[in-house]
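Structure first, commentary second.
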């Protein structure tokens with residue numbers, strides 16, 4: 001009876017062993033993606049920053065977890081970012097501020113560069129603090145039956161007028177309602193997926209932040225152009241330096 005039991009257990013383990021091996025082979029390990037060093041704390045010594053990620057699988061370009069480890073001779077910190085594709089970090093010196101900032105960005109989808117995640121941090125009050133990214137307080141976009149876009153960044157200012165007659169085919173789908181009656185003016189879609197860039201001014205250590213808001217025919221429609229805004233940061237507030245329309 002004992003011999004039969006031993007044979008049965010051995011047989012079960014024999015069948016299970018390929019499954020156990022397969023499970024272990026799919027485990028992934030963290031990957032070092034980028035490094036920076038800068039004096040973040042103001043103690044006249046550089047902190048060492050390492051951007052790390054946990055791939056979804058060995059052959060995947062998607063990182064299910066992304067973070068940066070920050071280490072000096074006495075302390076260490078970690079900032080978690082979530083997941084994404086093609087992550088990068090950059091040390092930026094924003095115009096109007098004294099302290100360096102950590103800027104992180106990654107794509108949320110593999111191919112759509114408008115679907116991004118962005119984070120900005122700085123060392124303040126003994127910890128790494130997240131800085132909210134700037135947004136326009138007001139943005140309205142519409143199209144007239146003459147194929148002229150009206151872009152307003154303030155309810156009290158005159159609209160920016162843009163000729164979009166080269167998009168007639170795409171715009172006609174929203175200018176005519178289901179009864180085929182032409183409308184005088186219809187709203188355009190202001191995308192809520194704001195992209196950001198770091199712009200280097202004349203001095204390499206002098207940066208401004210640029211926000212980019214796509215304007216579309218509909219939520220999933222054609223991108224007609226972008227609203228680009230340059231931002232400085234002064235006294236812990238974002239200052240709108242310049243806003244303009246850019247053709248797609």
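Scanning the range 147-165 for residues that are without any contact (Cβ under 8 Å) to a residue 60 or more places away in the chain, touching a strand residue (DSSP E or B) at 6+ places or on another chain (Cβ under 6 Å) and part of a loop (DSSP other than H, G, I, E, B) yields one hit, 159. Checked across the range 175-183, the condition of being in contact (Cβ under 8 Å) with a residue 40 or more places away in the chain and either out of contact with any strand residue (DSSP E or B) (no Cβ under 6 Å at 6 or more places or on another chain) or surrounded by 14 or more Cβ atoms within 10 Å (Cβ to Cβ) (or both) holds for no residue. Taking the range 73-124 as the range and being outside any strand (DSSP E or B), at negative phi and touching a residue at least 40 places away in the same chain (Cβ under 8 Å) as the test, the residues that pass are 93, 95, 97, 99, 100, 110, 113, 114, 115. Within the range 35-42, does at least one residue satisfy the condition of being crowded, with 16+ Cβ neighbours inside 10 Å and closer than 12 Å to residue 128 by Cβ? There is at least one residue in the range 35-42 that is crowded, with 16+ Cβ neighbours inside 10 Å and closer than 12 Å to residue 128 by Cβ. Considering 156, 229, the condition of being surrounded by fewer than 16 Cβ atoms within 10 Å (Cβ to Cβ), out of contact with any helix residue (DSSP H, G or I) (no Cβ under 9 Å at 6 or more places or on another chain) and within 17 Å of residue 137 (Cα to Cα) is satisfied by 156 alone. Kindly establish whether residue 239 is over 30 Å from residue 99 (Cα atoms) and not in a loop (DSSP other than H, G, I, E, B). The answer is no for residue 239.
Any read-out appearing in this document is the output of simple, stated calculations on the displayed coordinates, not a laboratory observation. Note that the structure is predicted; figures quoted are calculated from it, not measured. All Cβ positions, even for glycine, are placed from backbone atoms using ideal geometry, and neighbour counts span all protein chains on display.
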